[in-house]
Amino acid sequence: MRFGENWKLSCLVSGSQDERTGKFGHTGNVFAGLELNKWYAGWVTKWVSQDYTPGMGCVFGQNIIHHNPVGYYVWRPKKEKSLARRADPGFFVNYYHNASDGKFQQADLYFFPVYVFFRDNSFLEMSLIPTWLNINFIFSPLNVIIPQGRYFYTRYLVNYETDQSRKISASLKAEFYRFYDGRSLTLRPDRVLRLHRMRP
């Protein structure tokens, strides 16, 4: 549903009933967004009840509700000689909790104060992602046991791309943070060579 040129609202609801147990489950999502020339704001809420049976397809979890508010500002420099063509600083929030009792599961804030598109079609992002986790089960990635409890860590991300439309382009993404009782450092360099075949 559209309310004028700027507002948009959409929703989807699905239900299931188990013939053997008679249990009824439900899932769905609701989205509302406002888009203007200089900024954007939106909110998405998705949920899956404990007794929902997808049958065909998949769901992102059971007994879970996910809230995802979003907002960013659109800045376009007025000077023609400016190096930047556009900048979109903003944030995304992901918040998860139980559908049955509202108990907190996890949350993260994706905050990107530097999100710049340059006039040469290159791109630079510098962001940080504070993350909160509530682990109430045995968790052992790569055979390393993580004790139950609440955890907090912040990820730092730097992403740079040259003009992706050129024959040769490159990109570099670096992400580093401390989490649980260790550290993580990820580097993703990439170079692309595009060959264009001319028609006879």
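What the table below lists for this structure:
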{"read-out": "Cα→Cβ-extended label distance, 7 Å offset, between D163 and M1, nm", "value": "4.6"}
{"read-out": "Loop-located chymotrypsin sites (Phe, Trp or Tyr not before Pro) in region 70-160, at most 16 other Cβ atoms within 10 Å (DSSP)", "value": "F137"}
{"read-out": "Pairs of lysine residues in the chain - Cα separation under 29 Å, sequence separation of 8 or more or cross-chain", "value": "12"}
{"read-out": "Label-point separation in nm, A41 to R86, each point 7 Å along Cα→Cβ", "value": "2.1"}
{"read-out": "Given the chain, longest segment not containing exposed loop trypsin sites (Lys or Arg not before Pro) (DSSP; at most 15 other Cβ within 10 Å)", "value": "120-165"}
{"read-out": "Sequence of T162, T27 once ranked by neighbouring C-beta atoms within 10 Å, starting from the fewest", "value": "T162, T27"}
{"read-out": "Positive minus negative residues near Y160 (Lys, Arg vs Asp, Glu; Cβ under 10 Å)", "value": "-1"}
{"read-out": "Cα-projected label distance for R188 with Q148, points at 7 Å along beta-carbon direction, nm", "value": "3.4"}
{"read-out": "Shape of region 2-193, Cα gyration tensor, a/c cut at 1.5", "value": "oblate"}
{"read-out": "Net lengthening on full extension, V70/I138 (0.36 nm per residue, minus Cα-Cα)", "value": "21.3 nm"}
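We did not get these values from a lab; they are worked out from the coordinates using the rules stated. Quick caveat: nothing in here was measured; it's all calculated off a predicted structure. Counting neighbours? That spans all protein chains shown, and the Cβs are built from the backbone with ideal geometry, glycine included.
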